[in-house]
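> Quick one: the structure is below, questions incoming.
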Amino acid sequence: MADIHHHHNNPTTITTTATSSLIQNLQSHTPNSTALIGYLTFFISAAFLLLLASLTVTTTVLGLIFLSLLIIISIPIWFPIVAVIFLSVAGFLSICVFGVAVVGGSSWVYKYLRGMNPPGSGRVDYARSRISDTASHVKDYAREFGLHTKMKDAAPGV
């Protein structure tokens, strides 16, 4: 009979192989020095910004706590002033916006009436022709069924 040799793996050999494979896997995924500096810079910047944000929130809350009495006592003085200033600024800005809208609209109408074809004039012409066609069809329909009276013509010239 032939001797059958069973090779039993030594546990230290398996652990050494697994460890070396893990080390090779980690070394293939490690960032180079430039990426490492980038990550370090990112984390330092993020920590600094988080610190600034927390200081800002803390200061705001403490300021509201300590100044709330002063705010409550002085509100009858500064609230009307703030309201008047806010309404004045809002009114001025709305007048400016409406003025710009009027100037723009007037310019468009002037160009349209002069035949300069401003942007969107094709749509206006199309809408005018659709309205005229619809009025003409209604007029013909009324004439067909004898509903024509001595009313003013809805589509003059058609």
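> Could you identify the single residue in Ser94, Ser88 that is within 33 Å of the chain's Cα centre (by Cα) and open to solvent by less than 50 Å² (accessible area, probe 1.4 Å)?
Only one candidate passes the filter, namely Ser94.
> Where the second residue is part of a helix (DSSP H, G or I) and the first is open to solvent by 80 Å² or more (accessible area, probe 1.4 Å) and lies in the range 17-39, which pairs have Cβ atoms under 9 Å and are six or more apart or on separate chains?
Within 9 Å, the pairs are Thr30/Leu36.
> Residue by residue through the range 119-134, note down the ones that are modelled with pLDDT under 90 and surrounded by 11 or more Cβ atoms within 10 Å (Cβ to Cβ).
Of everything in the range 119-134, those that are modelled with pLDDT under 90 and surrounded by 11 or more Cβ atoms within 10 Å (Cβ to Cβ) turn out to be Ser121, Val124, Asp125.
> Restricting attention to the range 56-71, does a residue exist that is closer than 30 Å to Val124 by Cα, surrounded by 10 or more Cβ atoms within 10 Å (Cβ to Cβ) and without any contact (Cβ under 8 Å) to a residue 12 or more places away in the chain?
Checked the range 56-71: no residue is closer than 30 Å to Val124 by Cα, surrounded by 10 or more Cβ atoms within 10 Å (Cβ to Cβ) and without any contact (Cβ under 8 Å) to a residue 12 or more places away in the chain.
The values are calculated or read from the model by the stated rules, or taken from the named source; none is laboratory data. Model, not experiment: these values are computed from the prediction. Positions of Cβ are backbone-derived with ideal geometry, glycine not excepted, and every protein chain shown enters the neighbour counts. Calculation scope for accessible area: heavy atoms of the full protein, side chains included, ligands and nucleic acids excluded. Shrake-Rupley method; radii C 1.70, N 1.55, O 1.52, S 1.80 Å.
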